[in-house]
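Heads up: the structure comes next, in structure tokens.
Each value in this text was obtained by applying a stated rule to the coordinates, not by laboratory testing. Values in this document were obtained by computation on a predicted structure and should not be read as measured data. Counting neighbours? That spans all protein chains shown, and the Cβs are built from the backbone with ideal geometry, glycine included.
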Amino acid sequence: MPDHRFIRLRSDSTECTWAMLDGDGRLIGSVMSGTLDAAADAIGNERVIVLLPGSHVLPLQTVVPKASPARLRQMTPYLFEESIAEDVERMHFATGRRLDSGQIAVSAIARTQFETWLDALEAAGIAADAIHADTDGVPDTPSTLNLVIEGSYVYGRTPGQPPFVLDGVDLPDVCAMLEAQSEGRSDLRYVQIHIDEAAQQQHRSGIAELGARLPNLDVRGLADGALHRLAATVMFEPGPNLLQGRYAPKSNWGERLRPWRVAAGLLLALGLASLAAQAVDYLRLEREDRALTLRLTESCEQTFAAPQLSLCANEVRRRLSEAGQTSVAGSESFLNTLAAIAEHRSADSTIAALSYRNRVMDLRLVVPNVPALDLFAQDVMQTDRFDVRIESTADTENGIEGRVRVEANVP
């Protein structure tokens with residue numbers, strides 16, 4: 001998993017705390033606090049998750065039939081029309097995952113308040129990938145009442161139930177209230193408290209009282225504050241993401257790709273260089289093909305008095321037929337041999353005569369001198385497709401006439 005940047009807003013939207021967690025939920029660096037502008041300056045390439053004060057977000061659960069996310073968002077407000085005091089038309093509802101109980105987790109928040117925080121984030125230049133209530137960060141653990149205590153606030157969750165947050169309530173009163181609500185439940189056997197340093201002083205007596213009443217009480221300190229504990233839960237078991245419906249983030253590919261501009265530029269330069277190299281190779285091969293075609297045309301005209309390759313090919317087939325070489329393999333062997341001779345003879349050489357039978361071509365090749373004749377033989381040999389032997393040479397008024405035997409190797 002990539003690194004995650006968590007920004008936790010206070011009721012005053014200009015103040016916040018922030019921290020970065022690695023893919024395993026471990027804290028990278030330390031928890032910082034300050035303005036949203038300062039938090040924005042700390043953002044790098046990591047995923048950005050914003051936590052809103054849970055006191056402003058109403059956690060709900062409901063049973064709904066299976067439907068698309070868009071259909072669920074349309075249905076959800078009317079499912080709670082009779083159970084919440086606020087006008088549902090003024091609320092924003094976000095649906096989450098389906099729970100083990102079959103219910104859907106839902107978060108509801110007043111639109112005006114939510115839009116105030118969105119405006120503050122936008123003004124600071126923060127593009128959130130997800131927005132959750134900080135109460136979603138309270139762990140949901142089987143058989144365990146989890147409490148996260150920060151100053152005067154007590155965040156809590158009983159197994160399988162929505163989280164809650166209370167302000168200014170003593171711990172024994174919180175537990176008494178939960179015991180009354182969960183009367184008849186036998187699955188609550190443990191209580192785990194995560195508490196910061198400031199709250200430890202305030203709730204010292206309450207913790208001692210609970211310790212005397214509850215044998216399975218586990219108290220853990222929050223050395224870095226509550227943000228790390230809440231963020232780690234949201235990272236792996238997120239509640240409903242409030243960025244849904246009309247608030248769903250629009251694609252911002254420019255910002256997302258900014259860190260990759262250098263790498264993209266290098267990749268583009270490499271691609272252009274590769275295309276340029278291929279273009280050069282193509283032009284080179286095209287020139288070689290034209291030169292070879294020209295030389296083959298000249299050879300055909302000199303040998304068969306055929307000014308066009310098609311006429312030359314017809315004449316070759318006719319002579320092969322007369323010589324008994326009517327098979328496709330025989331024709332291919334002759335043409336390959338002729339092509340090799342045309343490719344490797346020099347421009348100042350002349351084919352005085354040639355004959356072909358059973359993969360062997362006998363040439364009378366006129367060249368300026370003996371070294372030119374040797375060079376021709378070596379070039380054809382280096383293709384590894386022919387055996388070449390110079391059988392004799394003779395001086396003529398036009399140069400050296402060599403009798404050359406070119407035999408195609410058996411494939």
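Report the residue, chosen from Q308, Q113, Q74, that carries the largest GNM mean-square fluctuation when the chain is represented by alpha-carbon nodes joined by springs under 10 Å.
Q308
Please rank D134, D384, fewest neighbouring Cβ atoms within 10 Å first, as an exposure proxy.
Values: D134 30, D384 6.
Sorted ascending by nearby Cβ count, the order is D384, D134.
May I ask you to derive the FRET efficiency for L217 and L267 from their Cβ-Cβ distance with R0 = 56 Å, giving the value to the nearest 0.05?
Calculated value: 0.45.
Run the simple label-point estimate for S101 and Q308 please: 7 Å along Cα→C-beta, distance reported in nm.
Reported label-point gap for S101 and Q308 is 8.9 nm.
Convert each backbone phi in region 79-89 into a coupling constant with the Karplus relation 6.51 cos²θ - 1.76 cosθ + 1.60 (shift: θ = phi - 60°), then list the ³J(HN,Hα) values in order as whole Hz, x for Gly and Pro.
6, 10, 4, 8, 9, 10, 6, 6, 6, 4, 5
Suppose R0 equals 60 Å. What FRET efficiency, 1/(1 + (r/R0)^6) with r the Cβ-Cβ distance, do E81 and R284 give to the nearest 0.05?
Working: r = 77 Å, r/R0 = 1.28.
Using R0 = 60 Å, I get an efficiency of 0.20.
What is the calculated FRET efficiency for A127 to F236, with r their C-beta to C-beta distance and R₀ = 22 Å, to the nearest 0.05? Display every interim value, and only then the final one.
Details: r = 23 Å, r/R0 = 1.03.
Between A127 and F236 the formula returns 0.45.
Please give the contour-minus-distance gain from D41 to A277: 0.36 nm per residue of separation, less the Cα-Cα distance, rounded to one decimal in nm.
Working: separation 236, 0.36 × 236 = 84.96 nm, distance 4.33 nm.
Once the chain is fully extended between D41 and A277, it gains 80.6 nm.
Taking the Cα centre as origin and putting +1 on Lys and Arg beta-carbons and -1 on Asp and Glu beta-carbons, what dipole magnitude results for the chain, to the nearest 20 debye?
Dipole size: approximately 1080 debye.
Need one number: nm distance between label points at Q200 and T112, each 7 Å from Cα along Cα→Cβ, rounded to one decimal.
It is 4.2 nm.
Which residue, P59, P215, P371, has the most motion in a Gaussian network model of the chain that connects Cα atoms within less than 10 Å?
Looking only at P59, P215, P371, the largest GNM fluctuation is found for P371.
Calculated from DSSP H runs of 4 or more alone, at -39500 (n - 2.57) each and per residue, what is the 222 nm mean residue ellipticity of the chain, nearest 500? Present the calculation step by step, with values, prior to reporting the outcome.
On the way: 12 runs with 160 residues, N = 411.
After summing the helix terms and dividing by residue count, I get -12500 deg cm²/dmol.
If I model a spin label as a point 7 Å beyond the Cα along the Cα-Cβ vector, how far apart are those points for K66 and M177 in nm?
According to this spin-label approximation, the distance is 3.8 nm.
Relative to the first principal axis of the alpha-carbon coordinates of the chain, what is the inclination of helix 309-322, with its axis defined by its Cα atoms, in degrees from 0 to 90 and to the nearest 10?
So the inclination is approximately 60 degrees.
Hey, can you rank 262-270, 158-166 by average C-beta count inside 10 Å, highest first?
Final packing ranking: 158-166, 262-270.
To make sure I understand, if each residue's beta carbon is the centre and we count other beta carbons within 10 Å, what order do E407, E81, E150 fall in, fewest to most? Intermediate values should be presented prior to the final figure.
Details: E407 15, E81 10, E150 20.
Neighbour counts put them in this order, fewest first: E81, E407, E150.
Here are labelled values, (1) 36, 30, 23; (2) 91, 23, 21; (3) 56, 31, 15, and one is the computed semi-axes √(5λ) of the Cα gyration tensor in Å for what I pasted. Which one?
(2)
Rank the residues Y356, Y78 as a footprinting-exposure proxy: fewest other Cβ atoms within 10 Å of their Cβ go first.
On the way: Y356 21, Y78 10.
Placing the least packed residue first, the sequence is Y78, Y356.
State the answer as a single residue: which of F164, M91, G402 lies farthest towards the positive end of the charge dipole of the chain, with beta carbon charges of +1 for Lys and Arg and -1 for Asp and Glu, about the Cα centre.
G402
Which Cα, out of P139, P69, Q378, lies furthest along the positive dipole direction of the chain (beta carbon charges, K/R +1, D/E -1)?
Checked the options; the winner is Q378.
Between the helical axis of 261-304 and the dominant principal axis of the chain, each derived from Cα atoms, what acute angle in degrees is found, rounded to the nearest 10?
Orientation of helix 261-304: about 20 degrees from the principal axis.
Once the Cα atoms of helix 171-181 and of the chain are each reduced to a long axis, what angle between those two axes, in degrees from 0 to 90 to the nearest 10, is obtained?
80 degrees
Of A38, A269, G239, which is farthest towards the positive pole of the chain's charge dipole, taken about the Cα centre with +1 and -1 on the beta-carbons of Lys, Arg and Asp, Glu respectively?
After comparing all options, I get A269.
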